[in-house]
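**Student:** Let me begin by handing over the structure; questions about it come next.
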Amino acid sequence: MGGKDLLVRITTFSQRLGDGVTGFQVAMMHRGRVTAGGRSMAHAVVWSCFVAALLGWGHGSQHASAAPAPVVLLTLEGAVSPATADYMVRGVKQAADKGAGLVVLQIDTPGGLDTSMRKVIKEILASPVPVVTFVAPGGARAASAGTFILYASHVAAMAPGTNLGAATPVPIGITPQREPEKAPAKPAPGGDSKQSGKAEQKDKDAPAAKDSMSRKQVHDAAAYIRSLAQLRGRNADWGERAVREAVSLSAAEARKLKVIDLVARDMKDLLDQLHGRKVTVQGIERTLETAGADTLRIDPDWRSRLLAVITDPSVALILMMIGLYGLLFEFSNPGFVLPGVVGAICLLLALFAFQLLPINYAGLALIGVGVAFIVAEAFVPSFGALGIGGAIALVIGAVILIDPEAAPGYSVPLPFVAALAAVSGASVFFVVTMALKARQRPVVSGREEIVGARGEALEDFTEEGWVRAHDENWRACSTTPLRSGQRVRITRIDGLTLSVEPEQSEGGKS
C-alpha cells in the first residue's frame with residue numbers, strides 16, 4: 001500500500017470518528033512530516049487515531065451533558081374566552097421564542113366561544129413546538145370547546161377521574177324548541193366504524209334542530225372535529241358522535257377507544273411517559289426528550305387578566321351602566337367634567353367587551369332603554385311610571401343578555417340580576433318619594449311665595465304706606481288703618497305693590 005493511499009484511508013477513518021481531519025493534522029504537526037511508509041507514517045497513524053478519539057469523546061460528552069430543552073406549562077381554568085385564547089396563543093409563541101422542546105396545555109374547561117376555540121387551534125396547528133393537552137387535575141373536564149382543543153393537539157392526555165365530550169354547538173340567542181324524538185339506538189362498543197358513510201345514519205339518529213342554522217352549525221362542527229382526528233390519527237367516529245349526540249367519556253374509556261394517547265397521574269408522570277415518544281410537527285417527525293427537563297410555567301400577564309375582567313358579563317354590564325349614568329349626568333350638568341370622562345371610558349370598555357361576547361342585542365337594547373327611563377323619571381313627573389318600566393326593562397335585558405347554553409361559562413348570575421333590580425327599584429322609590437315631598441312643600445320663591453307671607457308696617461298709614469317683608473321694603477296698600485311696627489299679612493301682589501291686612505292674633509284681635 002502506497003503512502004498516498006494510506007493517507008486517504010487514515011483521513012477517512014478519522015472523519016468517521018468525528019473531526020478526524022483536525023486530529024490527523026495535529027498529529028502531523030506534532031510529528032513534523034509524512035513519509036510514504038516507515039516509522040514516521042506509523043507514528044502519524046497512532047497519533048491521529050488518539051487525537052480523533054479524544055475529540056470524538058469530548059464531542060459526545062458535550063451532547064450527553066446537555067440538558068433537554070425546557071417544557072412550557074400553560075393553564076386554562078374556566079371558559080375558553082377571548083382573554084384565555086389571547087393568553088394561550090401568546091404563550092405558545094413565547095415557548096417557540098424561548099426554544100422550548102414542548103408545550104403542555106393543562107385545561108379544565110366547560111367549553112366556551114367558538115371563535116376563541118378556533119383561534120387557539122390555529123395556533124396549535126401552526127406551532128413549531130409540539131403541544132400536549134393535559135386534562136388535569138382529577139375532577140377536571142374538557143367539554144365542548146375543550147374536546148376540540150384536545151383533538152387538535154399533537155399529544156392528548158388525561159388524568160384519572162377526568163372526562164371529555166359534550167361538544168354539540170348551541171346557537172347564540174334564544175334556544176330553539178326541539179321536537180320530541182326517540183332515543184337513539186345504543187352504539188356498538190368502541191364506536192370506531194371504518195365506514196365514513198355511516199355519518200348520515202348517525203345524523204338521523206341524533207337530535208336534529210328545527211332550524212337550518214343549527215343544522216349547519218352541527219354539520220360544520222362535526223366536519224371540523226373529524227378533520228382534526230384524521231390529522232392526529234385519533235378516533236374520528238367518536239369525535240363526530242361527541243358533536244352530534246353530545247356523548248362523553250372518562251379518561252380510561254377515552255384511552256381504550258384511542259380518543260387520547262396517554263393517561264397520566266400528574267405532570268411528572270406525563271413527562272416520563274412522553275420521553276422518547278415520536279410526534280410529527282409541521283410534517284417533520286421529532287422525538288420528545290422530556291426526562292429531567294425543567295418546567296417553565298407561564299402565567300397570564302396584566303393584559304390577559306384585564307381582558308378577562310372586562311369580558312366578564314357582569315363587569316361589562318356594570319361598566320355600561322356607569323358609562324350611561326356618567327354621560328347623562330354630564331349632559332344634564334355641564335361643567336363637572338369628571339362624570340363625563342369616567343362615563344366615556346367605562347362605556348367604551350363595555351362596548352369592547354360586548355363586541356367580544358356572544359350577546360343578545362335585544363337584551364342590550366332593553367338595558368339601554370331601562371337606564372334611560374330611570375334617568376327620565378328624575379326629570380319628568382310621571383310618579384313612578386317611567387322608573388318602574390325602566391327597572392323592569394333593565395332586569396329583563398340582563399336576564400336575556402347572554403344565553404348560558406349558547407356560551408358555557410358565560411352568563412349574568414341571577415344574584416347579580418336581583419341586586420340590579422333592588423338597586424334600580426330603590427333609586428326609583430327614592431326619586432318618586434322626593435318628588436311627592438317636593439309637591440307638598442309650600443312655594444319658597446317667586447310671586448307665589450310672596451302671597452301669604454308676613455311683614456311689618458314701617459309707618460302709620462290709612463290707605464298707602466311702606467311695609468317690610470323678606471328683608472325688603474315694599475309699597476303697600478290696606479283698607480284698614482295700620483300703625484308703625486304692626487304685624488301684617490300679604491294677601492295679594494299687583495306689580496310692585498302689595499295688598500296687606502293686619503295679622504290676627506290668637507285672641508282674634510289685631
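The values are calculated or read from the model by the stated rules, or taken from the named source; none is laboratory data. Computed from a predicted structure; not experimentally measured. Neighbour counts run over all protein chains shown; Cβ positions are idealised from the backbone, glycine included.
**Student:** If you take the residues in the range 233-252 that are surrounded by fewer than 18 Cβ atoms within 10 Å (Cβ to Cβ) and out of contact with any Lys or Arg (no Cβ under 9 Å at 6 or more places or on another chain), which one is modelled with the lowest pLDDT?
**Tutor:** Checking each candidate, the answer is Ala246.
**Student:** Take the conditions in a strand (DSSP E or B) and over 21 Å from the mean Cα position of the chain (by Cα) and apply them to Val129. Does it pass?
**Tutor:** Taking the combined requirement at face value, the residue does not satisfy it.
Here's the yes/no breakdown for (1) in contact with a Leu (Cβ under 7 Å, 6 or more places away or on another chain); (2) among the aliphatic types (A, V, I, L, M); (3) in contact (Cβ under 8 Å) with a residue 12 or more places away in the chain:
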| residue | (1), (2), (3) |
| --- | --- |
| Pro300 | no, no, yes |
| Arg303 | no, no, yes |
| Thr311 | yes, no, yes |
| Val315 | no, yes, yes |
| Met320 | yes, yes, yes |
| Leu328 | no, yes, yes |
| Phe336 | no, no, no |
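**Student:** Here's a follow-up. Any idea which residue in the range 126-182 is surrounded by the most Cβ atoms within 10 Å (Cβ to Cβ), counting only those that are at pLDDT below 90 and touching a Lys or Arg at 6+ places or on another chain (Cβ under 8 Å)?
**Tutor:** Thr168
**Student:** Collect the residues in the range 118-138 that are of a type in the set (Ser, Thr, Tyr) and without any contact (Cβ under 8 Å) to a residue 60 or more places away in the chain, keeping them in residue-number order.
**Tutor:** Matches in the range 118-138: Thr133 only.
**Student:** Could you list, in sequence order, the residues of the range 214-230 that are basic (Lys, Arg) and exposed (fewer than 15 other Cβ atoms within 10 Å of the Cβ)?
**Tutor:** Correct list: Arg215, Lys216.
**Student:** Mind counting the residues in the range 338-357 that are without any contact (Cβ under 8 Å) to a residue 24 or more places away in the chain and either buried (at least 20 other Cβ atoms within 10 Å of the Cβ) or not hydrophobic (A, V, I, L, M, F, W, C) (or both)?
**Tutor:** 4
**Student:** Does the range 63-107 hold any residues that are in a loop (DSSP other than H, G, I, E, B) and either crowded, with 17+ Cβ neighbours inside 10 Å or touching a residue at least 40 places away in the same chain (Cβ under 8 Å) (or both), and which are they?
**Tutor:** Within the range 63-107, Ala67, Pro68, Ala69, Pro70, Gly78, Ala79, Ser81, Lys98, Ala100, Gly101 meet the criteria.
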